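**Student:** Pasting a structure here, questions to come.
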Amino acid sequence: MYSDEINKIYKKISKWLKINLDQLIITDGADGGLLRIFNVFADKNDKIFYLNPSYAMYPVYCKIFKCNEYAFNIFPGENKKVLFNKMLKDIRRIRPKIIALANPNQPVEFFLNKNELSKILKLTKKTKSLVVIDEAYYHFSNFSAISLIKKFNNLVVVRTFSKAFGLAGLRIGYSISNKKIIDSMKIVKPIYEINNINIKICEYFLKNLNIMKKYVKDVDNSRKYFHKEMKKI
């Protein structure tokens, strides 16, 4: 049968996130959400601002949609305050159409807290930039930009079930924003966002969030152990 369960999974994810249904779109992985954002909002020669190094698909989508890339270089051990002020200065100067920030970032860790992200969003209201926060690793941090969506109408949060849930092969992601942006993204979505098997697996993990939470805790403990052992040598 064609997927007749899609509305149910929308309701379950929106209930879990405590958001309205019209603030949510399910996608084929986080990159499916990013692709739809570029599809709808990026035009040829638009300026795209992203961290470097970061998620590998940002420059790929820039090339696909013939946008101008502005990679903001970050290095391990840099002073965060100096780096953040430079970022604000570059955003003000460049005035990009889209700012794509993985938060937390990888492979070089760079994390924007609520105050820092609010400053970026206030600035980008003046530059008329769309801010895309990629929260693929959100569950390994303690802050989500979802709390700022009601306050800022130029914010999109992209997430995935790939990392903390360990379901990368299923390609299940979702994006959260205001109704206007989500409606625009739905224009380029497929008829069925994900298939029935993926929906059932997703439902199982949402019913059993303790599996994800235990995995996150295990990773956090492993990170501490690795750090401690590396310091010895």
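**Student:** What percentages make up the Cα-Cα pair-distance distribution of region 181-233 when the bins are 10 Å wide from 0?
**Tutor:** Using 10 Å bins, I get a P(r) of 19, 22, 24, 21, 12, 2 for region 181-233.
**Student:** Could I ask something else about it? How much space per residue, in cubic angstrom, does the convex hull of the C-alpha atoms of region 93-150 take up? Walk me through the numbers on the way to the answer.
**Tutor:** On the way: hull volume 5.2 nm³, N = 58.
It comes to 90 Å³ per residue, whole-number rounded.
**Student:** Determine the percent antiparallel among the DSSP beta bridges restricted to the chain, to the nearest 5. Before the final figure, lay out the partial values.
**Tutor:** Values: 8 of 26 bridges.
Of the beta bridges lying entirely in the chain, close to 30 percent run antiparallel.
**Student:** Using the 2.2 N^0.38 Å rule of thumb for compact globular proteins, work out how the chain stacks up: its C-alpha Rg over that value, please.
**Tutor:** 1.03
**Student:** Here is the link list: 122/150; 97/189; 47/150; 89/119; 11/179; 15/179. Which ones come out longer than 19 Å on Cα distance? Show your work: numbers first, answer last.
**Tutor:** Working: 122/150 13 Å; 97/189 22 Å; 47/150 26 Å; 89/119 12 Å; 11/179 15 Å; 15/179 16 Å.
Listed pairs above 19 Å: 97/189; 47/150.
**Student:** DSSP loop (so not H, G, I, E, B), at most 10 other Cβ within 10 Å: list which trypsin sites (Lys or Arg not before Pro) in region 1-51 pass both filters. Working shown, then result.
**Tutor:** Working: sites: 8, 11, 12, 15, 18, 36, 44, 47; in loops: 18, 44.
The qualifying sites are 18, 44.
**Student:** Just how far, in whole angstrom, is region 191-233 from region 23-78 if you go by their alpha carbon centroids?
**Tutor:** That distance is 25 Å.
**Student:** Counting other Cβ atoms within 10 Å of each Cβ, which trypsin sites (Lys or Arg not before Pro) in region 110-174 have at most 15 and sit in a DSSP loop? Before the final figure, lay out each step's value.
**Tutor:** On the way: sites: 114, 119, 122, 125, 126, 128, 150, 151, 159, 163, 171; in loops: 128, 150, 151, 163, 171.
The qualifying sites are 128, 150, 151.
**Student:** What part of the accessible area of the chain, given as a whole %, is carbon or sulfur when the probe is 1.4 angstrom? List each step's numbers first, then the result.
**Tutor:** Working: 6930 of 12650 Å².
The C+S portion of the solvent-accessible surface of the chain is 55 percent.
**Student:** Using a 1.4 Å probe, what is the accessible area per residue for region 81-193, in Å²?
**Tutor:** Details: 5120 Å² over 113 residues.
Accessible area per residue: 45 Å².
**Student:** Next question, about the same structure. Considering all projection directions equally, how large on average is the shadow of the alpha-carbon convex hull of region 123-169, in square nanometres? Spell out each step's value before the answer.
**Tutor:** Numbers: hull surface 15.3 nm².
Taking a quarter of the hull surface, the average projection is 3.8 nm².
The values are calculated or read from the model by the stated rules, or taken from the named source; none is laboratory data. Computed from a prediction, not measured in an experiment: that's the story for all the values here. Virtual Cβ from ideal backbone geometry, glycine too; neighbours counted across all protein chains shown. In case anyone asks, the SASA skips ligands and DNA or RNA and just uses the protein heavy atoms, side chains included. Shrake-Rupley method; radii C 1.70, N 1.55, O 1.52, S 1.80 Å.
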